[in-house]
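Single-structure report; data block below.
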Amino acid sequence: KDYEYILISIPPKNGTDIVIKNFQNILKNLNLSWITYLSATSVYGDHNGEWVNENSKVKPLTENAKSRLAAEKLWINLAKKKLPLQIFRLSGIYSQERNILKKIKTGSHRIINSPKHFFSRIHVEDISNVLKLSLKKNIIPGEIYNVSDDYPCSNIEVANYAYDLMKISKPKMIEVSEIESEMLKNFYKDSKKVSNNKIKERFSYKLKFPTYKEGLRNIINHNI
């Protein structure tokens, strides 16, 4: 009850946001300066590889994405009770600890033959930098922002670069129909390019890792 700044990164479960479920009555009565909910760009669903922004139609396909959108709506509804809420929709997150280079090193990575599948990424440091900048701004209640890098592209392109970077020969590609993991199958249902123009304008932010190339080079220089 004593805090003025709250960041919610807990994902919903079956369309239910456990923070709202357990704390909404407390939240309504707090004198908050900043409350931020981290969602996901999966809420946009499939846009056939076209660009999406914060005004684009949301049409989630997977159960996780539907839960994300349901949770967003719950938070927006709660914010009508005069909460200074903002929502950040995050693209696929990678970091020093979690990245394609580590998957390649463990032998668990597979290249999927889907060259027309476009996907957006964001390095965790760029997420934290945007959040830090947002602390210095007055929140526009209910505002939504995409957090993505400058270069959405296919995972084949990223994989080719990563294998070359590690000087490892590429394995044979597999087809989408051969994917065994349900989570990975769901990933290939959505194809879109996520625009980051709004965060750049709102927070005057220049990405530390504008594309996967800068991000992976930084990772391999420090970790691998």
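Applying the selection to the range 185-204, what residues are among the aromatic types (F, W, Y), open to solvent by 30 Å² or more (accessible area, probe 1.4 Å) and either more than 27 Å from A65 (Cα to Cα) or more than 15 Å from the chain's Cα centre (by Cα) (or both)?
Y188
Quick one: what pairs do we get from the range 147-161, first residue without any contact (Cβ under 8 Å) to a residue 60 or more places away in the chain and at positive phi, second open to solvent by 10 Å² or more (accessible area, probe 1.4 Å) and not acidic (D, E), C-beta under 8 Å, 6+ apart or different chains?
Going by the 8 Å Cβ cut-off, there are no qualifying pairs.
Working only within the range 66-95, note down all residues that are modelled with pLDDT under 95 and part of a loop (DSSP other than H, G, I, E, B).
Scanning the range 66-95 gives K80, K81, K82, L83, P84.
Which of the residues that make up the range 105-125 are touching a strand residue (DSSP E or B) at 6+ places or on another chain (Cβ under 7 Å) and either modelled with pLDDT of 95 or more or small (G, A, S) (or both)?
Scanning the range 105-125 gives F118, F119, S120, R121, I122, H123, V124.
Filtering the range 6-21 down to residues that are modelled with pLDDT of 95 or more and not β-branched (V, I, T), which residue is nearest to the chain's Cα centre (by Cα)?
S9
Could you list, ordered by first residue, the pairs with Cβ atoms under 7 Å in which the first is in the range 73-100 and more than 20 Å from N53 (Cβ to Cβ) and touching a residue at least 24 places away in the same chain (Cβ under 8 Å) and the second is open to solvent by 20 Å² or more (accessible area, probe 1.4 Å) and assigned to a helix (DSSP H, G or I), at least 6 apart or interchain?
Matching pairs, first to second residue: L78/Q24; K81/K28; S95/V124; Q96/H222.
Spot the failing condition for K172; the list is (1) touching a Ser or Thr at 6+ places or on another chain (Cβ under 8 Å); (2) farther than 30 Å from T36 by Cβ; (3) basic (K, R), and only one is missed.
Here K172 clears every test but (1).
Among what's in the range 20-47 and is in a loop (DSSP other than H, G, I, E, B) and among the polar types (S, T, N, Q), pick the residue that is least open to solvent (accessible area, probe 1.4 Å).
Checking each candidate, the answer is S33.
The rows are residues; the columns are (1) among the aliphatic types (A, V, I, L, M); (2) under 22 Å from S191 (Cα atoms).
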position: F88; (1), (2): no, yes
position: Q96; (1), (2): no, no
position: I104; (1), (2): yes, no
position: R110; (1), (2): no, yes
position: F119; (1), (2): no, yes
position: H123; (1), (2): no, yes
position: S134; (1), (2): no, no
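List the residue pairs whose Cβ atoms are under 8 Å apart, where the first residue sits in the range 182-203 and is in contact (Cβ under 8 Å) with a residue 24 or more places away in the chain and farther than 18 Å from S154 by Cβ, the second is part of a helix (DSSP H, G or I) and open to solvent by 40 Å² or more (accessible area, probe 1.4 Å), and the two are 6 or more positions apart or on different chains.
So the pair list comes out as F203/L133.
Which of the residues spanning the range 49-65 are at pLDDT below 95 and either in a helix (DSSP H, G or I) or open to solvent by 50 Å² or more (accessible area, probe 1.4 Å) (or both)?
L61, E63, N64, A65
Being surrounded by fewer than 18 Cβ atoms within 10 Å (Cβ to Cβ) and not charged (D, E, K, R) is the filter; apply it to the range 6-19 and report the residue that is nearest to K132 (Cα to Cα).
Keep residues of the range 6-19 that are surrounded by fewer than 18 Cβ atoms within 10 Å (Cβ to Cβ), which gives 7, 9-11, 13-16, 18.
With the extra rule that they be not charged (D, E, K, R), the set shrinks to 7, 9-11, 14-16, 18.
Working: L7: 11, S9: 15, I10: 19, P11: 21, N14: 30, G15: 28, T16: 27, I18: 25 Å.
Result: L7.
One residue is enough: does the range 145-154 have a residue meeting the conditions open to solvent by less than 40 Å² (accessible area, probe 1.4 Å), at pLDDT 95 or above and among the β-branched types (V, I, T)?
yes
The values are calculated or read from the model by the stated rules, or taken from the named source; none is laboratory data. What you see is a predicted model, and the numbers here were worked out from it, not measured in a lab. All Cβ positions, even for glycine, are placed from backbone atoms using ideal geometry, and neighbour counts span all protein chains on display. Note: accessible area is taken over every heavy atom of the protein model, side chains too, but ligands, DNA and RNA are not part of it. Shrake-Rupley method; radii C 1.70, N 1.55, O 1.52, S 1.80 Å.
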